[in-house]
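**Student:** Below is a structure I'd like to ask you about.
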Amino acid sequence: MINITLLTAQEEFPLWENEIPGQLVSAEVEEYATGAIGTNEFLRIHQVTEPSLKAYPASKENATGAAVLICPGGGYKILAIDHEGYQIAEWLNSIGISAFVLKYRLPDDRIMKDKSIGPLQDAQKALRTIRKNAEKWGIHPDKIGVMGFSAGGHLAASLSVHYDATVYEHDKTISARPDFSILLYPVVSFQSNITHKGSKNNLLGENPAGKEVAYFSNELHVDNNTPPTLLIHSIDDKAVPIENSLAYLKQLKAFAVPAEMHAFADGGHGYGLGRTGSHTHWSKNAENWLGLTLNTK
């Protein structure tokens with residue numbers, strides 16, 4: 001096990017020190033990657049069985065003491081871990097924020113007793129790990145947020161509303177509640193009229209019970225303790241309708257949770273830091289929002 005006190009930039013370490021909760025072992029499932037960094041085909045990680053965190057500490061010269069847990073997207077089928085993970089971590093470092101890219105388990109009945117909670121187990125554990133070691137990493141324990149893209153946005157929203165759910169045995173003195181959330185083109189809801197069907201099916205199966213659909217429709221679980229949230233979405237997103245973000249925003253407003261949303265005319269879906277068009281400004285919007293949000297804590 002890696003000594004956390006010795007972590008350096010871009011060092012990856014196992015998320016779970018010992019047994020992974022609810023783990024099943026299958027010789028049929030082995031992690032592999034397709035695509036490659038620096039090519040036209042983005043890097044995809046498949047069949048994650050051993051979740052991990054990759055640490056990107058901010059430099060001492062510009063560190064703000066804040067940190068962000070990053071959940072890449074991929075429809076709960078793959079992880080788009082470069083343009084929705086590593087690149088985002090480097091951008092956060094450039095504005096003085098430490099980042100941790102989460103390589104979370106992808107739902108699979110062959111390796112999980114309950115695939116619906118596997119990703120949430122990993123997200124809770126990751127947030128608690130960062131908070132537990134905040135002092136060692138030069139992080140303020142009350143300035144740790146979560147950021148998610150697409151299905152990773154669903155996981156980040158799930159963590160934001162189900163941070164206190166008992167999905168594994170843990171140290172109850174360490175909270176998994178993010179202090180803020182940034183959700184980019186997120187799958188928020190599993191309600192059939194607005195959801196992303198692939199993400200829903202991969203997490204819950206083809207014919208989930210109504211109570212499961214309701215539990216993972218995150219807009220239904222917003223309350224006064226939901227973290228302040230920034231939502232980024234494009235109006236022309238044909239994969240995950242902007243109504244997901246609008247539904248979450250509506251509930252944040254109802255419970256007087258500080259929230260902001262940027263709805264861009266273009267961008268479609270899955271753009272990471274952007275291609276060309278108005279949506280490429282989201283990172284500056286996020287930097288401004290983070291500055292205001294972190295300065296009020």
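The values are calculated or read from the model by the stated rules, or taken from the named source; none is laboratory data. Since the model is a prediction, treat every value here as computed from it, not as a measurement. Positions of Cβ are generated from backbone atoms using ideal geometry, with glycine treated the same way; all protein chains shown enter the neighbour counts.
**Student:** Just to be sure, is Leu252 closer than 14 Å to Leu184 by Cβ, in a helix (DSSP H, G or I) and either among the hydrophobic types (A, V, I, L, M, F, W, C) or modelled with pLDDT of 95 or more (or both)? Before you say what the answer is, go through the steps one by one.
**Tutor:** Values: closer than 14 Å to Leu184 by Cβ: no; in a helix (DSSP H, G or I): yes; either among the hydrophobic types (A, V, I, L, M, F, W, C) or modelled with pLDDT of 95 or more (or both): yes.
No.
**Student:** Restrict the check to segment 38-45 and report whether at least one residue is touching a residue at least 60 places away in the same chain (Cβ under 8 Å) and closer than 20 Å to Leu155 by Cβ. Don't jump to the end; show me each part of the working.
**Tutor:** Here is the first cut: in segment 38-45, the ones touching a residue at least 60 places away in the same chain (Cβ under 8 Å) are none.
No, the conditions are met nowhere in segment 38-45.
**Student:** Only one of these conditions is not met by Gly198: (1) buried (at least 20 other Cβ atoms within 10 Å of the Cβ); (2) among the small types (Gly, Ala, Ser); (3) in contact with a Gly (Cβ under 6 Å, 6 or more places away or on another chain). Which number is it?
**Tutor:** So the condition that Gly198 fails would be (1).
**Student:** Of everything in segment 122-141, what is in contact (Cβ under 8 Å) with a residue 40 or more places away in the chain and over 18 Å from the mean Cα position of the chain (by Cα)? Give them in sequence order.
**Tutor:** If the condition is that a residue be in contact (Cβ under 8 Å) with a residue 40 or more places away in the chain and over 18 Å from the mean Cα position of the chain (by Cα), then Lys132, Asn133, Ala134, Lys136, Trp137, Gly138, Ile139, His140 are the ones that fit.
**Student:** Are any residues in segment 102-121 aliphatic (A, V, I, L, M), under 20 Å from Phe149 (Cβ atoms) and in contact (Cβ under 8 Å) with a residue 60 or more places away in the chain, and if so, which ones?
**Tutor:** Correct list: Leu102, Leu106.
**Student:** When you check Asp142 against the structure, is it at pLDDT 95 or above, acidic (Asp, Glu) and touching a Phe, Trp or Tyr at 6+ places or on another chain (Cβ under 7 Å), yes or no?
**Tutor:** Working: at pLDDT 95 or above: yes; acidic (Asp, Glu): yes; touching a Phe, Trp or Tyr at 6+ places or on another chain (Cβ under 7 Å): no.
No, not satisfied.
**Student:** While we're looking at this one, here's another question. Being modelled with pLDDT of 95 or more and either touching a helix residue (DSSP H, G or I) at 6+ places or on another chain (Cβ under 6 Å) or farther than 18 Å from Pro72 by Cβ (or both) is the requirement here; does Ser160 meet it?
**Tutor:** Values: modelled with pLDDT of 95 or more: yes; either touching a helix residue (DSSP H, G or I) at 6+ places or on another chain (Cβ under 6 Å) or farther than 18 Å from Pro72 by Cβ (or both): no.
So Ser160 fails the test.
**Student:** Can you run down the residue pairs with Cβ atoms below 7 Å, 6 or more apart or on separate chains, where the first is in segment 281-296 and under 25 Å from Asp266 (Cα atoms) and part of a helix (DSSP H, G or I) and the partner is charged (D, E, K, R) and modelled with pLDDT of 95 or more?
**Tutor:** From segment 281-296, the pairs are Trp289/Glu260.
**Student:** When you scan segment 226-238, how many residues do you find that are in a loop (DSSP other than H, G, I, E, B) and more than 18 Å from the chain's Cα centre (by Cα)?
**Tutor:** 4
**Student:** I need the full set of residues from segment 193-240 which are hydroxyl-bearing (Ser, Thr, Tyr) and either modelled with pLDDT under 95 or touching a helix residue (DSSP H, G or I) at 6+ places or on another chain (Cβ under 7 Å) (or both), in order please.
**Tutor:** Ser199, Thr226, Thr229, Ser234
**Student:** Would you be able to tell me the number of residues in segment 227-248 that are surrounded by 22 or more Cβ atoms within 10 Å (Cβ to Cβ) and closer than 20 Å to Gly272 by Cβ?
**Tutor:** 10
**Student:** Restricting to segment 144-169, and then to whatever is surrounded by fewer than 24 Cβ atoms within 10 Å (Cβ to Cβ) and among the aromatic types (Phe, Trp, Tyr), can you tell me which residue is farthest from the chain's Cα centre (by Cα)?
**Tutor:** Per the criteria, the residue is Tyr168.
**Student:** Which members of segment 73-116 meet the condition of being of a type in the set (A, V, I, L, M, F, W, C) and within 15 Å of Pro51 (Cα to Cα)?
**Tutor:** Ile78, Leu79, Ala80, Ile81, Phe100, Val101, Leu102, Leu106, Ile111, Met112
**Student:** With the condition kept exactly as written, say whether any residue in segment 253-266 is in contact (Cβ under 8 Å) with a residue 24 or more places away in the chain, closer than 24 Å to Tyr76 by Cβ and crowded, with 20+ Cβ neighbours inside 10 Å.
**Tutor:** No, every residue in segment 253-266 fails to be in contact (Cβ under 8 Å) with a residue 24 or more places away in the chain, closer than 24 Å to Tyr76 by Cβ and crowded, with 20+ Cβ neighbours inside 10 Å.
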